Amino acid sequence: MGEGWRTVNLTGSSIVAGRDVPGTGEAWRGIVAATAEPQGPQLRDASPDQVGQAARAASSAARDYRALPVDRRAAFLDACAEEVEALGDTLLRLAAGESGLPMNRLTAERGRTCGQLRMFADLVRSGDALGVRIDPALPGRQPLPRADLRLRKIPLGPVAVFGASNFPLAFSVAGGDTASALAAGCPVVAKAHPAHPGTGELVARAVTAAAERTGMPAGVFSLLVGRGTGVGQALVRDPRIAAVGFTGSRAGGLALVEAANARPVPIPVHAEMSAVNPVIVFEGALADPAALATAYVSSLTSGAGQFCTNPGLLLLPTGPAGDAFLAAVARSVEGAAGQVMITPGIAEACARGTERWAAVDGVSVVARGVPGESPYAPSPQVLACGAATFAAHEDLSGEVFGAAGLVVRWSGTGELLALLEHIDGQLTATLHGTDADLATAGHVLPVLEERAGRILWGGWPTGVEVCHAMVHGGPWPATSSPGTTSVGTLAIERWLRPVCYQSFPDALLPEELRAANPLGVTRLVDGVLEPRSR
């Protein structure tokens, strides 16, 4: 049994508006990622009625939560961070056992989780997310007068958040989707990921404690336990849910999009799905092929390759310099050991994916690493093929989630551009080159702008900074909503909609729209930015 379970008292229950609600479905248990050994208490999926209870509690809390002063909402987010931190190493040990991720990675992830909660607290306090715009009345304007028009953004309502398998903290119960939705003023109903149910429950209890401590409406947060698709589908179909945040597989995301669109009143699903995150190497970057190869393999194998920004596709020039790079990649991969993957199913899917690549005529194995000690720690692998083979086989363009990379050789700008035109929407695209490659890069960049949410010059896409300018999103099918991001302060926009107030008496207006601007928030007045005054 994993060490983390022995140090914490968990029930395996869903938590609805602060109350433990035991599920009614078939009993199941969490597992130790490295061994698949069952651990922890019995869990049972929430029933359809319990899903409805959570959605109803969120709906009942929505107006009260939306009406709270921004400082109180911000205090709740800060308290969430404090309560998660107060769990200490107990949380990290539990997450390590359930996910197979090392303690140093989880320590960093906890920092990111709490950092983004505090970042959104600061955004809420600033009032900038309210998006205030004011166009004062122009009664004397000819040929027609203009009415007084004032705009602010309001929350959509209850949000369903689906925890991600590969980030048990930063993209899960109190992760970025929950933080941004709560910041927007939306109650959250979170569905814990079955890969780490204990971690999800422990974090949910921290959020619940923060809500109680800061006097939030009871239904502002709930957690639902569910192993299959039934709980998630019921949640998305509930008419009280106003939007969905999801990070996971393409199949899972598309199923939620379909369910949301089939409702009598469809709702937005912000699903981050799959990506191969192409890396384009130009000739100038191959002056030191060994160093570039080492950095590539390090990014490819980090965290067992279980990052949505993993560089799964690398486009490499033909010729001696490219050959030298590939030889250096082989040496680096051969010395790399497999790492425990989050679930046995994910490890098995990774192995099937590389077998599918290798079965294509024209694809060769560059190198295989060493299997890890766990049966769920497959060898890192890099395979290679030519541009014509890649273009002719659709299977080669799909994601293999894990420490698996495909290198495609190209010759000439025309062939490179043709390759890129063949690639679907991505979270990231990376360019490696020197000043000598700028002209070629200039031809490539417009294509990448159409296909990626973040474009890097140098470096590697793994590692997503949580800040104001970050975009973690991209065109379909990397995400279901290309105009948004799931990381950074812009993520709050997913859960807001604009409302315009025309010719309202000042006393009836929300405070941020009143003439005196009592909240002191930033406002765009008649097209001129009026900075905050507090």
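The values are calculated or read from the model by the stated rules, or taken from the named source; none is laboratory data. Since this is a predicted model, take the numbers as computed values, not measurements. Every residue, glycine as well, gets a Cβ built from its backbone with ideal geometry; the counts of neighbours run over all protein chains shown. SASA here: full protein model, heavy atoms, side chains in, ligands and nucleic acids out. Shrake-Rupley method; radii C 1.70, N 1.55, O 1.52, S 1.80 Å.
Contact map, the stretch 404-422: first residue aromatic (Phe, Trp, Tyr), second residue open to solvent by 50 Å² or more (accessible area, probe 1.4 Å), Cβ cut-off under 9 Å, separation 6 or more or different chains; pairs are TRP410/THR318; TRP410/ALA418. Filtered by the rule that a residue be open to solvent by less than 10 Å² (accessible area, probe 1.4 Å) and not aliphatic (A, V, I, L, M), the stretch 178-196 gives THR178, SER180, GLY185, CYS186, PRO187, HIS196.
Applying the condition of being of a type outside the set (Gly, Ala, Ser) and open to solvent by less than 20 Å² (accessible area, probe 1.4 Å) to the stretch 33-62 and asking which residue is nearest to THR229 (Cα to Cα) yields VAL51.
Give me a count of the residues in the stretch 269-303 that are touching a Ser or Thr at 6+ places or on another chain (Cβ under 6 Å), open to solvent by less than 20 Å² (accessible area, probe 1.4 Å), within 30 Å of GLU258 (Cβ to Cβ) and of a type outside the set (D, E, K, R). Of the residues in that region, 3 qualify.
Considering only residues in the stretch 6-53 that are of a type in the set (Lys, Arg) and free of Cβ contacts under 8 Å to residues at least 24 places away in the same chain, the one that is farthest from ALA218 (Cα to Cα) turns out to be ARG6.
From the set of residues in the stretch 380-404 that are within 17 Å of GLN306 (Cα to Cα), open to solvent by less than 30 Å² (accessible area, probe 1.4 Å) and not β-branched (Val, Ile, Thr), which is modelled with the lowest pLDDT?
Just the residues of the stretch 380-404 that are within 17 Å of GLN306 (Cα to Cα), to begin with: 380-382, 398-404.
With open to solvent by less than 30 Å² (accessible area, probe 1.4 Å) added as a condition, the list becomes 380-382, 398, 400, 402-404.
Going one step further and asking which of them are not β-branched (Val, Ile, Thr), we end up with 380-381, 398, 402-404.
Values: PRO380: 98, GLN381: 98, GLY398: 90, GLY402: 97, ALA403: 98, ALA404: 98.
If we take residues in the stretch 380-404 being within 17 Å of GLN306 (Cα to Cα), open to solvent by less than 30 Å² (accessible area, probe 1.4 Å) and not β-branched (Val, Ile, Thr), then GLY398 is modelled with the lowest pLDDT.
Scan the stretch 493-506 and give yes if some residue there is aromatic (Phe, Trp, Tyr), under 24 Å from CYS186 (Cβ atoms) and part of a strand (DSSP E or B), otherwise no.
yes
Would you check if there is a residue in the stretch 89-106 being in a loop (DSSP other than H, G, I, E, B), open to solvent by 60 Å² or more (accessible area, probe 1.4 Å) and at negative phi?
yes
Total residues in the stretch 207-231 satisfying the condition of being open to solvent by less than 30 Å² (accessible area, probe 1.4 Å), part of a helix (DSSP H, G or I) and either out of contact with any helix residue (DSSP H, G or I) (no Cβ under 7 Å at 6 or more places or on another chain) or more than 15 Å from GLY23 (Cα to Cα) (or both): the figure is 6.
In the stretch 366-379, of all residues being among the aliphatic types (A, V, I, L, M) and closer than 27 Å to PHE167 by Cβ, the one that is most open to solvent (accessible area, probe 1.4 Å) corresponds to VAL370.
Restricting LEU513, LEU490 to residues that are over 14 Å from the mean Cα position of the chain (by Cα) and either modelled with pLDDT of 95 or more or open to solvent by 70 Å² or more (accessible area, probe 1.4 Å) (or both) narrows the list to LEU513.
So is CYS500 closer than 17 Å to ARG133 by Cβ and surrounded by fewer than 20 Cβ atoms within 10 Å (Cβ to Cβ) or not? Show your work before the answer.
Working: closer than 17 Å to ARG133 by Cβ: yes; surrounded by fewer than 20 Cβ atoms within 10 Å (Cβ to Cβ): yes.
Criteria met by CYS500.
Cβ-Cβ distances below 6 Å connect the following pairs, each with a first residue in the stretch 364-385 that is touching a residue at least 40 places away in the same chain (Cβ under 8 Å), a second residue that is buried (at least 17 other Cβ atoms within 10 Å of the Cβ) and polar (S, T, N, Q), and a separation of six or more residues or different chains: GLY369/SER379; ALA377/GLN339; PRO380/THR301; GLN381/THR354. Each residue in the stretch 304-325 was checked for being assigned to a helix (DSSP H, G or I), open to solvent by less than 20 Å² (accessible area, probe 1.4 Å) and either out of contact with any helix residue (DSSP H, G or I) (no Cβ under 6 Å at 6 or more places or on another chain) or among the acidic types (Asp, Glu) (or both), and 3 of them qualify.
When we screen ALA330, ALA337, ALA349 for residues that are surrounded by 15 or more Cβ atoms within 10 Å (Cβ to Cβ) and under 20 Å from VAL32 (Cβ atoms), the only hit is ALA349. Checking each residue in the stretch 250-303 for being among the acidic types (Asp, Glu), out of contact with any strand residue (DSSP E or B) (no Cβ under 6 Å at 6 or more places or on another chain) and assigned to a helix (DSSP H, G or I) picks out only GLU258.
Residue by residue, here is whether (1) outside any helix (DSSP H, G or I); (2) among the hydroxyl-bearing types (Ser, Thr, Tyr); (3) on the phi > 0 side of the Ramachandran plot holds:
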| site | (1), (2), (3) |
| --- | --- |
| ILE154 | yes, no, no |
| GLY157 | yes, no, yes |
| PHE167 | yes, no, no |
| ALA174 | yes, no, no |
| THR178 | no, yes, no |
| ALA181 | no, no, no |
| PRO194 | yes, no, no |
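Residue count for the stretch 63-87, restricted to those that are in a helix (DSSP H, G or I) and open to solvent by 20 Å² or more (accessible area, probe 1.4 Å): 14. Checking each residue in the stretch 411-423 for being open to solvent by 10 Å² or more (accessible area, probe 1.4 Å), touching a Phe, Trp or Tyr at 6+ places or on another chain (Cβ under 9 Å) and modelled with pLDDT of 95 or more picks out only ALA418.
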